[in-house]
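Report on one structure; see the data block that follows.
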Amino acid sequence: MFKESVICILIITAIFSINAITQNFTEKAVEEITEIFTDLKENILNKDKNQTEKELKTLDEKWKGVHEKLAYYIEHDELEKVDTAIVKMKAYVETEDFSSAIAELDEGKFVIEHIQEKYALNLKNIF
C-alpha cells in the first residue's frame, strides 16, 4: 500500500510540474507573439509597408520556433488557425489590402490568446 501511495504522489507531482513548465512557456510565447502582433498593427495602420514586412519576417521566424514547441502539447488545429491568419496577413500586406490584413491580424491574436486560456489550469477548464 505504501509503494502505491508513493507512486501516485510521484505521478501527480510530475503531472503538475510538467503542466507548470508548459503553461509558463505558453504564457511567455503568447506574450511575445502578441507584442509582435501589436507592433505589426501599428505599422499597418501607418501604412508603412517596409517596416510591416520586417515585422512580418520577425513574426514568421518567432512563430516557427514557438510553433514547433507548442505542437507537442497543443492541438494542431488551433495552431493551424494562427498559421492561416499569418499567411493571409502576409498576402494582404503584399497586395496592400491593409484593412483585411488588420482583420487577419486580430483573428490571429484572438486565436493565440484563446490557446493560452484554453490550456491554462484553472477551475473553468476543469469543470
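What follows is calculated from the coordinates using simple rules that are stated; it is not laboratory data. From a predicted model like this one, the values you see are computed outputs, not experimental measurements. FYI the Cβ positions are ideal-geometry reconstructions off the backbone, even for glycines, and counts take in every protein chain you see.
Take the Cα of D60, step 7 Å toward its Cβ, do the same at D97, and the gap between the two points is 1.9 nm.
A Förster radius of 25 Å, combined with the Cβ-Cβ distance separating I11 from K118, puts the computed FRET efficiency at roughly 0.55. Note on the chain: Rg/Rh from C-alpha atoms, Kirkwood Rh, equals 1.15.
Straightening the chain between E53 and Y73 buys 4.2 nm, computed as 0.36 nm per residue apart minus the Cα-Cα spacing.
Here's the list of lysines a cross-link from K90 could span, going by alpha-carbon distance under 18 Å and ignoring same-chain residues fewer than 8 apart: K41, K47, K49, K54, K57, K62, K64, K81, K109. Computed from Cα atoms, the angle from the helix 2-45 axis to the main principal axis of the chain rounds to 10 degrees. Within the stretch 27-84, the chymotrypsin sites (Phe, Trp or Tyr not before Pro) that combine a DSSP coil assignment with at most 14 other C-beta atoms in a 10 angstrom radius are Y72, Y73.
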